[in-house]
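Structure first, then comments.
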Amino acid sequence: MTIGGSNPTAELAALRPWADIAPSITAQERAARLDRARALTAQAGADALLVQAGASLRYFTGVPWSPSERMVALLLPVAGTPKLVCPAFERGTLEAELAIAADLLLWEEDEDPVALVADALPGGATLALDPMLFFGWARRLEGAGLTTIDGAGAIDGCRMVKSSAELALLRQAKQMTLAVQAAAARILHPGIRESEVVRFIDDAHRAIGGGGSTFCIVQFGHATAYPHGLPGDRELAEGDVVLVDTGCRVEGYHSDITRTYAFGPVGDEVRAIWQIEHAAQAAAFAAVAPGVPCEAVDAAARDVLVREGLGPDYRLPGLPHRTGHGIGLSIHEPAYLVRGDRTPLAPGMCFSNEPMIVVPGRFGIRLEDHFHVTDAGAAWFTPPQSSIDRPFD
């Protein structure tokens, strides 16, 4: 496709709500999640699991609330009915969004939800805690006579491996963002500001059914040398490198796609670094297989850079961060493609693949696409960028 030359209004008008809608998570799948969480909790030696409001609460219950100073949590005993801890005045909203059968543990504003949790368990019980639970609540639960342990194994043991339904929702989100990225490239012209592109991308995500951007980074020229950009609002000029990193959500499941490309003629060094980045991303993908430790995928990408005289390790010019992160209901979630994470890959795990190369103070190249692990290796959710001049085929 040609970069630039299109009218933003016309591009937005051409976008339509996504037609290939992935099915929602079923009640049966949520029930299976709860059963697996119970089994993993019992295996860890706990009597119950406490899940904080946030992505994990949504995973198990369908309730898409963010954490706040008011305790909203799932108390999941290894045997018995799940219980939802919630402020009493939120009952109506909770019941409208709750996707599982559960008892409600409601507390008034002048009551203590920590005591409510403790009273719902036998004295001396062992409670596995969501690692995202606020520290103060954890200490108070211990003070109420409960033994607490880390519940990450139970939660991550469920969430790291995605079902076919989750893969379909993730695929839809990523395909939507790729279409938005392509539309954004078509509206570029000399003098357009980064903020204009950010607003267009947000509008495009809404037009296509993604509910707006969950985040958006647009950087021109030397600002691309900073992995998450610089403050300011630069104008695009001929010969700039363009980096766009953005995503949306479909039923809570994230996309997160980066494209880096040339706006007009760029120098040979930029093109050479782009090709090295492309090779590193491909090497990381090729290293994926069931049973391979996550850190081996990071190593495969870094080996490419070292052979080209970049790095080593996190030195610049080179790769300043991990090669990738898990993705699902959280945009960054376990496991991670980084040295030291020895989690074995398994079919259904989903990751970003983004071994960014930074040339300090000058430019950076990040190609970010996502894959899921299969029985045979890995499969892309969306096709990677093939050329610095043609970012969307």
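Remarks
- Cβ-Cβ FRET estimate between residue 193 and residue 79, R0 fixed at 45 Å, reported to 0.05: 0.15
- Accessible area per residue for the stretch 69-161 is 47 Å², calculated with a 1.4 Å probe on protein heavy atoms, without ligands, DNA or RNA.
- Length gained when the stretch residue 332-residue 103 is fully extended (0.36 nm per residue, less Cα-Cα span): 79.4 nm
- The residues packed around residue 266, meaning those with a beta-carbon under 10 Å from its beta-carbon, carry a net charge of -4 if Lys and Arg are +1 and Asp and Glu are -1.
- Among 329, 133, 305, the largest mean-square fluctuation in a Gaussian network model of the chain, built with springs joining Cα atoms closer than 10 Å, belongs to 133.
- Along each principal axis, taking the top coordinate minus the bottom one, the Cα set of the stretch 13-100 gives 55, 31, 18 Å in descending order.
- Solvent-accessible area, 1.4 Å probe, carbon plus sulfur percent, for the stretch 224-374: 55 percent
- Of 333, 368, 108, the one that fluctuates the most in a GNM where the chain has Cα springs shorter than 10 Å: 108
- Cα extents of the stretch 265-349 along the three principal axes, largest first (Å): 40, 25, 21
- In the stretch 234-281, a dipole from Cβ-located charges (positive for Lys and Arg, negative for Asp and Glu) runs towards its positive end, and of 244, 272, 262 it is 244 whose Cα lies farthest in that direction.
- log10 of Debye I(q)/I(0), alpha-carbon scatterers only, for the stretch 18-177 at 0.08, 0.15, 0.17, 0.18 Å⁻¹: -0.23, -0.79, -0.99, -1.09
- With θ taken as phi - 60° and the Karplus curve 6.51 cos²θ - 1.76 cosθ + 1.60 applied, the whole-hertz 3J(HN,Hα) list for the stretch 70-81 is 8, 5, 10, 7, 9, 9, 10, x, 5, 9, x, 7 Hz, x standing for glycine and proline.
- Phi angles across the stretch 18-29 convert, under the Karplus curve 6.51 cos²θ - 1.76 cosθ + 1.60 with θ = phi - 60°, into 3J(HN,Hα) values of 4, 8, 8, 7, 6, x, 6, 5, 8, 4, 5, 5 Hz, Gly and Pro given as x.
- Computed over protein heavy atoms with a 1.4 Å probe, the carbon and sulfur contribution to the accessible area of the stretch 121-203 reaches 57%.
- In this simple spin-label model, placing a label point 7 Å from the Cα along the Cα-to-Cβ direction at both residue 374 and residue 163 gives a separation of 2.2 nm.
- Our estimate of slack between residue 313 and residue 24, defined as 0.36 nm per intervening residue step minus the Cα-Cα distance, is 99.9 nm.
- For the stretch 275-393, accessible area per residue (1.4 Å probe, heavy atoms of protein chains only), Å²: 36 Å²
- Between 0 and 90 degrees, the angle of helix 194-208 with respect to the longest Cα principal axis of the chain falls at about 60 degrees.
- A Cβ-based charge dipole, computed about the Cα centre of the stretch 293-369 with Lys and Arg at +1 and Asp and Glu at -1, lands at about 240 debye.
- The chain: relative contact order in percent, alpha carbon pairs under 8 Å with at least 6 residues between: 15 percent
The values are calculated or read from the model by the stated rules, or taken from the named source; none is laboratory data. Just so it is clear, the structure is predicted and the values come from calculations on it, not from any experiment. Note that each Cβ is placed from the backbone with ideal geometry, even for glycine, and that neighbours are counted across all protein chains shown. These accessible areas exclude ligands, DNA and RNA; they are computed on the full protein's heavy atoms, side chains included. Shrake-Rupley method; radii C 1.70, N 1.55, O 1.52, S 1.80 Å.
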